[in-house]
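See structure below.
The values are calculated or read from the model by the stated rules, or taken from the named source; none is laboratory data. Just so you know, these numbers come straight off a predicted model, no measurement behind them. Neighbour counts are summed over all protein chains in view; Cβ atoms, including those assigned to glycine, are modelled from backbone coordinates with ideal geometry.
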Amino acid sequence: MTGPDNTPTTAVRIEPVTEGDVEALVELAREIWYAHYPALIGAAQIEYMLAQRYDAQVVRGELGRDGLWWDKLMAGEEMAGFASYFLTGVPGEMKLDKLYVHPRRQRQGYGGRMIARACEVARARGCDRLVLAVNKGNRGAIDAYLKHGFRVAGAVVKDIGGGFVMDDYIMVKPVTGDGSAPRGGAGPRLRDATPGGAQSGRQDVGDIHGNTAEATDE
């Protein structure tokens, strides 16, 4: 199969992560984080969070959890990205916890495919919204999520231990109807959601916990 310019295209599919994928996923996470995060959070926090969230034993344990899903994005035989999402326990709410695409596979719509997959699962589980937390300094990810129908709903600074915090915007996307923002506007402007603004320290879309999801493919 070829694209519009007659160059070969790669078959892309989204599949559940299996135990046999864990080592490759852990390596991919490390590669993506070091390509993207040093300027945002620094190497020490990268290592701390990788150990917390991407230790192979941790990932394997999550594969067996009810109400939590791991997806891999395969481009041919290559794992090019992954996503994780779970039911938060708040009625109608699912959290998109992780979303990453390898830098060389970005800007091909793959992140949007994984968001759509999470929305499908959310609807099937009776949820009406998908929530996430994204680093306030990650402008590219924020813009990508806005493009895909999320809106800023608040902000939170969370102590994750080790002397580190996650300083995030909370974003929400309806997964029913046409996906547009609810009546009343698209949520607070980014400057209103920063510390000192009306939304500082609030968690308006439920108990947001876990890792920060970052769309890095747009």
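See the values below:
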| read-out | value |
| --- | --- |
| Residue tally, condition under 13 Å from Val26 (Cα atoms) and surrounded by fewer than 24 Cβ atoms within 10 Å (Cβ to Cβ), over the stretch 73-83 | 2 |
| Ala155 closer than 21 Å to Gly67 by Cα and assigned to a strand (DSSP E or B) | no |
| The stretch 1-13 - residue that is in contact with a Gly (Cβ under 9 Å, 6 or more places away or on another chain) and surrounded by 10 or more Cβ atoms within 10 Å (Cβ to Cβ) and, of those, modelled with the highest pLDDT | Val12 |
| Residue within the stretch 129-144 that is β-branched (Val, Ile, Thr) and surrounded by 23 or more Cβ atoms within 10 Å (Cβ to Cβ) present | yes |
| Among (1) in a strand (DSSP E or B); (2) within 30 Å of Ala11 (Cβ to Cβ); (3) in contact (Cβ under 8 Å) with a residue 60 or more places away in the chain - the single one Ile160 does not satisfy | (2) |
| Scope the stretch 35-89; condition farther than 14 Å from Met114 by Cα, touching a helix residue (DSSP H, G or I) at 6+ places or on another chain (Cβ under 7 Å) and part of a strand (DSSP E or B); matching residues | Leu68 |
| In the stretch 14-54, residue modelled with the lowest pLDDT [restricted to those that are touching a Pro at 6+ places or on another chain (Cβ under 9 Å) and closer than 14 Å to Gly81 by Cβ] | His36 |
| The lone exception for Val131 - which of (1) in contact with a Lys or Arg (Cβ under 8 Å, 6 or more places away or on another chain); (2) at pLDDT below 95 it fails | (2) |
| Qualifying residues in the stretch 114-148 (those that are part of a loop (DSSP other than H, G, I, E, B) and in contact (Cβ under 8 Å) with a residue 60 or more places away in the chain) - the one farthest from Tyr100 (Cα to Cα) | Gly137 |
| Residue in the stretch 181-202 that is modelled with pLDDT of 50 or more, among the hydrophobic types (A, V, I, L, M, F, W, C) and touching a strand residue (DSSP E or B) at 6+ places or on another chain (Cβ under 7 Å) present | yes |
